[in-house]
Amino acid sequence: MSASSSPDASVSVVLTADLHARPAGQVTRAVSGYDAQVRLVVDDRVADARSVLAVMGLGAVAGQTVTVTGEGSQAEAAVDAVAEVLKAAADSAGAQGSQAIA
């Protein structure tokens, strides 16, 4: 994505849980089936959503906003899929935390 081009799709998600290894892997799997270049942006850091290490390297924590952008023929679907993974990962992290206490 060049500085002068704009994404074909973009959505922002406020994290309710940290973006660690499990959700990073889920993000990577979510974009693998789409013909789109998807990036996650946190503050001034950008990561290719196809790279688990890059996604984890964002260091995104609960309360931060992650902007998911995409370009390509399936950008909108890919961005939506990643946003859903981020939302679901936060929900499952809360459920796992309550199970661990029980």
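Figure the gain on full extension for Gln64 and Asp44 (residue separation times 0.36 nm, minus the Cα-Cα span) and round it to one decimal in nm.
Additional length available on full extension: 6.0 nm.
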Simple label model, 7 Å out from Cα along Cβ direction - Ser51 to Glu84, nm: 2.7
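Assuming a viscosity of 1.567 mPa s and a temperature of 4 °C, what translational diffusion coefficient in µm² per second does Stokes-Einstein assign to the stretch 19-94, Rh being the Kirkwood radius over Cα pairs? Walk me through the numbers on the way to the answer.
Details: Rh = 12.0 Å.
Taking Rh from Cα pairs, D becomes 108 µm²/s.
Throughout, read-outs are computed from the coordinates displayed, never taken from laboratory work. Quantities reported herein were computed from a predicted structural model and do not represent experimental measurements. In this analysis, Cβ positions are derived from the backbone assuming ideal geometry, glycine residues included, and neighbour counts consider all displayed protein chains.
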